[in-house]
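One structure, pasted below without further comment.
Every number here is computed from the coordinates shown, using simple stated rules; none is lab data. Computed from a prediction, not measured in an experiment: that's the story for all the values here. Glycine gets a Cβ as well: all are built from the backbone with ideal geometry, and neighbour counts include every protein chain shown.
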Amino acid sequence: MQLLFNSVVAGSIYALVAIGFSLIFQTNRFMHFAHGSAVVFSAYIAFHFFSLSNSLLIAIIATLILSSILGYLMHLLIYYPLQKKKSSSVILLIASFGILFLIDNGLLLYFGSGIKNINYFGPLRGMEFFGALITKPQLIIVLSSLLCLIFIYLLMTKTKLGRNLRAVADNNDLANIMGIESKKYMALSFIIGSVLASVAGVLIALEQTLSINMGTTYMIKGFTGAIIGGVNSVPASILGSYIVGLAENFGVWFLPSQFKEAISFILLFLFLLYKPNGLFGIDKSSRK
Amino acid sequence: MGTIQKNNIIETLKDSQKAFWLILFVIDIIFIFLCLQGILNEYFAHVLVVINIYLILSISLNLVMGFTGLLNLSHIALFGVGAYTSALMIMNGYSYLLSLLLAMLLPGVFAVLLMFATRKLKSDYLMLVTFGFSFLLYSIFISWTSLTRGPLGLNNIPKISFFDFTIYSTNQFLVFSTIMAIVSIIIIYNITKSSFGRLLQAVRDDEISLKLLGKNIELIKFKAMFISGLFAGLAGSLFAHYSQYIEPNSFWIVDLIFLLTVLIVGGLASNRGAVFGVIIIMILNESLRLLPIPSEILGPTRQIIYALILILILLYRPKGIFGRIDLK
């Protein structure tokens, strides 16, 4: 039960990362690897504003704003010029590695390599819940990511914006012909993705101590989730992320515990090789 | 008229290529001479050794990534396999030559296995799988503590010694690594100029026609990966015995981005590019040391500069300095 709950907590954060990644992948057709650095960036910004103002609300608002600006800037300054030159998805992927590296080291320069901790809740007491110990931040993580998921679901299915986004994702050229300005929606997907990443960042900042290397780790986890579920569909990547969380926590039964980190890499590797469209994904490769 | 002009251009190009290698060789000899005479201090020798190691890495990665068009992000991990193999073999009492042999073969075999698994994948998917493979090897380096001592790394790796001859000083190592680098460059240069080299480029440019000609594409890819793996292992072995200390983080994303930057700045599918890229980035790297910045922010500053160069090159000159192909 405890393992199950831990899996859900981990899976919730991975899901937030995975949705943003998958959304950006669908509308822009390339792998935005720097998404992980958006997560670390938000976690550090949240930490920074919290230690400045000592108010969680201010920290959250500042993080959401700054992180969406960061997402938009990445699109505006680097990805969009590359896309305009009809660069291949490989160039965009390498560029995103560059951005990941740039942001991570920028943060390292500004914040130093010391370990940061918000410590908002003070010493934590676990609550008993169906035989599992749950701490308050963990509960917040699960609830708020659920809220985000519902919000994204409503946004994508019930609003005009979501419909247009899905149209761009489905067929960019056709969407353009129908008068949907795809450039706008590509930028928008970056903003939405970054907002989700910033939620993940704040949640991570609440529960764990921060370190710069987190970005790559969370990116790999979220990416694994998206690939396992199917990177072409948002609900599938959410499911995939929970699977990663489960596999990680239950894999410890079969493997020595120091291999916990390796489990998701092995999963990623196997899925990329044998089932690149994921368990529930739709094969869209023919449209590429 | 037109043909004569064309010939002239080709001649000058050939000449410039020869001149490039010649100038490089002469400069290299001069520097080594100055180091051996003690005019330049040990620090210069150290930088030259590091350049030599990266030269082997970049030129062998270029064989796969530039010439064959396989976007392989696992080269640094293979380099790590070579380093660990060589170090562990020697520490367990095997002779250097045997360790070097295995340290070259093992990454070669790994590269072929990776290629076997990924033979159907292309472009960004191939890139991500090879990146995933690096991640896998990295987590093995970190997690298999009984063998690799995990994050602590291996220290006190013995110096190189063979035939009653031990390499003690940095200067001796400089000569040794220069010979190794020159030999590697000559071998890979000749491979790329041979008919096999042309086959590799054909794999990159037009797989289907090559299949129609009855060539076994997978076999060609395996060979290319195997050769590149061999040299990655050689570089790894040199690195392990030179620095005498290796840890998993030496074989991870920092060096990966460095190598990627080097290749893309130099230009893919060009041996000159691969060599020139290493030299220019290393000069930049070391000249940063002259700036008055404290050492704890030197590392991140450097990496920010690599990342910026990488992004700017992709934006404004995706072919690099000497590159002949676009990334597909």
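Using a Gaussian network model on chain B with a 10 Å cutoff between Cα atoms, which of B:Ser243, B:Ser287, B:Ser123 fluctuates the most?
Among B:Ser243, B:Ser287, B:Ser123, the largest mean-square fluctuation in the Gaussian network model of chain B belongs to B:Ser287.
Distance in nm between label sites at A:Leu174 and B:Arg119, each 7 Å beyond Cα in the beta-carbon direction?
The modelled label-to-label distance comes out at 3.6 nm.
Quick one: B:Thr118, B:Thr170, B:Thr145, A:Thr224, fewest Cβ neighbours within 10 Å first, how do they rank?
Fewest-to-most ranking of B:Thr118, B:Thr170, B:Thr145, A:Thr224: B:Thr145, B:Thr170, B:Thr118, A:Thr224.
Further, regarding this structure: Taking a virtual spin label 7 Å from the Cα of B:Gln37 along the C-beta vector, which residues in region B:160-182 bring their backbone nitrogen under 18 Å of it?
B:171-172, B:175
Using only helices, what value at 222 nm comes out for chain B when you add -39,500 (n - 2.57) per DSSP H run of length 4 or more and divide by the total residues, to the nearest 500 deg cm²/dmol?
After summing the helix terms and dividing by residue count, I get -25000 deg cm²/dmol.
Also, I was wondering about something else. Work the Kirkwood hydrodynamic radius out for region B:205-328: mean of 1/r over every pair of different alpha-carbon atoms, inverted, in Å.
16.9
Could you tell me the relative contact order of region A:1-150? Use alpha-carbon pairs under 8 Å, at least six residues apart, and round to a whole percent.
The normalised contact order for region A:1-150 reaches 34 percent.
Let me ask something else about it. Taking amide H positions as placed 1.01 Å from N in the peptide plane, with prolines and chain starts having none, which residues 5 or more places from A:Lys116, or on another chain, fall under 5 Å of its amide H?
Answer set, sorted by chain and number: A:Leu210.
Quick one: dipole size for chain A, taken about the Cα centre, charges +1 on Lys/Arg Cβ and -1 on Asp/Glu Cβ, in debye to the nearest 20.
740
In peptide B:292-303, what is the residue-averaged number of other protein chain Cβ atoms found within 10 Å of each Cβ?
That works out to 3 on average.
Please identify the helices of chain A, taking whole runs of DSSP H, that span at least 24 Å along their own axis as judged from the Cα atoms and have a mean Kyte-Doolittle score of 1.0 or higher.
A:2-28, A:35-53, A:56-73, A:89-111, A:136-158, A:182-207, A:234-251
So, one more: Of the listed pairs B:Lys18/B:Lys221; B:Lys193/B:Lys215; B:Lys122/B:Lys211, which have alpha-carbon separations greater than 27 Å here?
Among B:Lys18/B:Lys221; B:Lys193/B:Lys215; B:Lys122/B:Lys211, the Cα-Cα distance tops 27 Å for B:Lys18/B:Lys221.
Measuring from a point 7 Å past the Cα of A:Asn213 along Cα-to-C-beta, which residues in region B:136-156 have an amide N at less than 19 Å?
Output list for this probe position: B:136-155.
Can you run phi through the Karplus equation (6.51, -1.76, 1.60; θ = phi - 60°) for region B:175-182 and list ³J(HN,Hα) in whole Hz, with x for Gly and Pro?
3J(HN,Hα) across region B:175-182, in whole Hz: 4, 4, 5, 5, 4, 4, 5, 5.
For the protein assembly as shown, what is the convex hull (Cα atoms) projected area averaged across all directions, in square nanometres?
Computing the convex hull of the Cα atoms and averaging its projections yields 32.0 nm².
What are the residues whose amide H is under 5 Å from the amide H of B:Leu40, where those residues sit 5 or more places off or on another chain and H is modelled from the backbone?
Residues meeting the criterion, in which the H sits 1.01 Å from N, are B:Cys35.
Express the relative contact order of region B:44-248 as a whole percentage, based on alpha carbon pairs under 8 Å and six or more residues apart in sequence.
Answer for region B:44-248 is 46 percent.
Report, in whole Å, the centroid distance computed from the Cα atoms of region A:1-68 and region B:294-326.
Using only Cα atoms, the two centres lie 27 Å from each other.
With +1 on each Lys and Arg Cβ and -1 on each Asp and Glu Cβ, how big is the dipole of the protein assembly as shown about its Cα centre, in debye rounded to the nearest 20?
Roughly 1640 debye for the protein assembly as shown.
Just how many % of Cα pairs in region B:23-163 lie over 22 Å apart, if you round to the nearest whole percent?
Value for region B:23-163 (Cα pairs over 22 Å): 53 percent.
Which whole number gives the average count of other chain Cβ atoms within 10 Å of the Cβ atoms across peptide B:252-265?
Mean inter-chain Cβ contacts per residue within 10 Å come to 2.
Further question on the same structure: Would you kindly derive the ³J(HN,Hα) couplings of region B:124-139 from the backbone phi angles with the Karplus curve 6.51 cos²θ - 1.76 cosθ + 1.60 (θ = phi - 60°), listing them in order in whole Hz, with x for Gly and Pro?
5, 5, 4, 4, 6, 5, 5, 5, x, 5, 4, 4, 4, 5, 4, 6
Under the Karplus relation 6.51 cos²θ - 1.76 cosθ + 1.60, θ = phi - 60°, what is the ordered set of whole-Hz ³J(HN,Hα) values for region B:31-43, x standing for Gly and Pro?
Ordered by residue, 3J(HN,Hα) equals 4, 5, 4, 4, 5, 5, 6, x, 6, 8, 7, 5, 4 Hz.
Have a look at region B:44-248 and give its Rg and Dmax from the Cα atoms, expressed in angstrom.
17.4, 55
Shifting gears a bit: Please work out, to two decimal places, the log10 of the ratio I(q)/I(0) at q = 0.07, 0.15 Å⁻¹ from a Debye calculation in which every Cα of region A:2-287 carries one identical scatterer.
Evaluating at q = 0.07, 0.15 Å⁻¹ gives log10 I(q)/I(0) of -0.24, -1.16.
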